[in-house]
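Peer 1: Have a look at this one.
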Amino acid sequence: MDQHIIQEFINIVGEKNVKMTTAQLLAYSYDATANYQALPDCVLSPRNTEEVSEIVKICNEHKIPIVPRGSGSNLAAGTVPNSGGVVMLFNHMNKIIDFDKENLTITVQPGVITADICSFVEKENLFYPPDPSSMKISTIGGKICENSGGLRGLKYGVTKDYVKGLTAVLPNGEILKTGGKLAKDVAGYDLTALLVGSEGTLAVITEIILKLVPLPKTKMTGIAYFNSLEASAKTVSSIIANKIIPVTLEFLDKKTIEAVEQFMNIGLSTEVEAMLIFEQDGDLAAVEHDVNEMTRIANENGAIFTKIANDEAEEDKLKTARRVALSALSRLRPTTILEDATVPRSEIAKMVNKIDEIAKKYNLSIATFGHAGDGNLHPTCVTDVRDQDELNRVELAFSEIFEEALLLGGTITGEHGVGEMKAPYLEWKIGEAGLNIMKGIKKAFDPNNIMNPGKVFAKETKKRVVLQSVR
């Protein structure tokens, strides 16, 4: 990058907000995705929307790539600067701008930590439901870009369901405002919805208006253990069939349970094949009814043990078992690769069994946990990035897992996004026509391809490797 361009950046954000040393660049050359790394040319920390706009104008003029980055917790190599250029941080843009109790909204900058939003509004008896496992470290800007879900997604939906408006800087530097605090707005195309989940490929988001809901009055949590995957999956389907929509309905397989218990020592049984964690919130009478019904349904479907938490401390311990699953598995081998193949909830048992078959076929250790209520499973392979032969087998295994998910009516990602890692598989899900439409949208927004290039769209689609015929 030419020195005069660097000087322009310094003039905009100040010298202390420009990182250029090798050590500084290395810190932003990777995210939470294993085996993906590339150095940026510089790292910038703008302080407001106007500074973002000025940076983007320079980058667009000189065709310099821009990678917007939050906390780097991305699991699809979505914030790896694979084309060099500028990594844009939002550590200064981390403020709550407006809290509007009359309209039930909160307006924030992209660098605010997700959990901080939750705790802030809960003090006012309000609720921001999306709760990814990374919520204590992930920023809201990253969640918007990935349209993240979380443990409460079954009942409350995902990030897009709570974004009412955005301020964004387009690739030419223009500032775009979409949506607002109003309850209804059908004027033209829904640009807010288009930008949510766009993975930083269309614009740089600088302000977000979020919808809030009343804080539930109470909640209850329970667990159920099973000696078969089929019994746990049947329980999930039966709960929904009985018209109960729990706030949380989570699944852990035997390998995950063992890893969590070894890590946390919280008293989980390691002699079972599967575990469900279920929770309901709302009015006390309705919560008690639903939790008792879920317990009954689990017992009728073959649970060998069920328990309802006695107090909040026990509830937190049970939910911690799910939230630390990735951390627990990460202790087993040097490298952890977590995915999120998603299927209709009726196909969970079939999908988990297929994952186990694929793991055995390629001689890999793959544990599975996830959001059973919405079919979002997280097959997680513990491996070693230094073993290239094993990594090749890991890639083949996940290719088969993605294809199996599609054959069962699912998708290649339920909440992690496409990024660079899954870009070669996107056409499997949306087809050639869908891919062409998306490329056209990208071209219309970003004709110079400066916004997070190399993400979402791959140069070459992976070949289908398992079943060539559609079931």
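The values are calculated or read from the model by the stated rules, or taken from the named source; none is laboratory data. Worth saying up front: this structure is predicted, and the values here are computed from it rather than measured. All Cβ positions, even for glycine, are placed from backbone atoms using ideal geometry, and neighbour counts span all protein chains on display. When the accessible area is computed, the model is the full protein with side chains, heavy atoms only, and any ligands, DNA or RNA have been set aside. Shrake-Rupley method; radii C 1.70, N 1.55, O 1.52, S 1.80 Å.
Peer 1: Taking into account only those residues within region 146-181 that are farther than 24 Å from LYS455 by Cβ and touching a residue at least 60 places away in the same chain (Cβ under 8 Å), which is least open to solvent (accessible area, probe 1.4 Å)?
Peer 2: Applying the filter and picking the extreme gives LEU151.
Peer 1: Which one of the conditions (1) open to solvent by less than 30 Å² (accessible area, probe 1.4 Å); (2) among the aromatic types (Phe, Trp, Tyr); (3) more than 28 Å from SER238 (Cβ to Cβ) does PHE369 fail to meet, given that it meets all the rest?
Peer 2: Here PHE369 clears every test but (3).
Peer 1: Only residues in region 414-429 that are without any contact (Cβ under 8 Å) to a residue 24 or more places away in the chain count as the first member; pair them with residues that are among the hydroxyl-bearing types (Ser, Thr, Tyr) and part of a loop (DSSP other than H, G, I, E, B), Cβ under 9 angstrom, at least 6 apart or cross-chain, and list the lot.
Peer 2: LYS429/THR413
Peer 1: Being within 26 Å of ASP281 (Cβ to Cβ), part of a loop (DSSP other than H, G, I, E, B), touching a residue at least 24 places away in the same chain (Cβ under 8 Å) and among the hydrophobic types (A, V, I, L, M, F, W, C) narrows it down to one residue among ILE137, ILE117, ILE106; which is it?
Peer 2: ILE137
Peer 1: What is the residue count in region 341-387 for residues that are farther than 20 Å from PRO246 by Cβ and touching a Ser or Thr at 6+ places or on another chain (Cβ under 6 Å)?
Peer 2: 7
Peer 1: If you don't mind, there's one more thing I want to ask. The conditions are (1) under 19 Å from ALA367 (Cα atoms); (2) part of a helix (DSSP H, G or I), and ASP290 fails exactly one of them. Which is it?
Peer 2: In the conditions (1) under 19 Å from ALA367 (Cα atoms); (2) part of a helix (DSSP H, G or I), ASP290 misses (1) alone.
Peer 1: May I ask you to say which residue of LYS455, LYS442 is surrounded by 24 or more Cβ atoms within 10 Å (Cβ to Cβ), within 26 Å of LEU195 (Cα to Cα) and either touching a helix residue (DSSP H, G or I) at 6+ places or on another chain (Cβ under 8 Å) or in contact (Cβ under 8 Å) with a residue 40 or more places away in the chain (or both)?
Peer 2: LYS455
Peer 1: Just checking, which of LEU435, LEU377 is of a type in the set (A, V, I, L, M, F, W, C) and not in a strand (DSSP E or B)?
Peer 2: Result of the check over LEU435, LEU377: LEU435.
Peer 1: Name the pairs whose Cβ atoms lie under 7 Å apart, with the first residue in region 305-322 and in contact (Cβ under 8 Å) with a residue 40 or more places away in the chain and surrounded by 13 or more Cβ atoms within 10 Å (Cβ to Cβ), the second among the charged types (D, E, K, R) and assigned to a helix (DSSP H, G or I), and 6 or more positions between them or separate chains?
Peer 2: Short answer, once both residue conditions are applied: ALA309/GLU315.
Peer 1: Read through the list (1) buried (at least 17 other Cβ atoms within 10 Å of the Cβ); (2) under 25 Å from LEU215 (Cβ atoms); (3) over 26 Å from the mean Cα position of the chain (by Cα), then give the number of the only condition that LEU284 fails.
Peer 2: With respect to (1) buried (at least 17 other Cβ atoms within 10 Å of the Cβ); (2) under 25 Å from LEU215 (Cβ atoms); (3) over 26 Å from the mean Cα position of the chain (by Cα), LEU284 is out only on (1).
Peer 1: Determine if region 80-89 includes at least one residue that is open to solvent by 20 Å² or more (accessible area, probe 1.4 Å), part of a helix (DSSP H, G or I) and not aromatic (Phe, Trp, Tyr).
Peer 2: no
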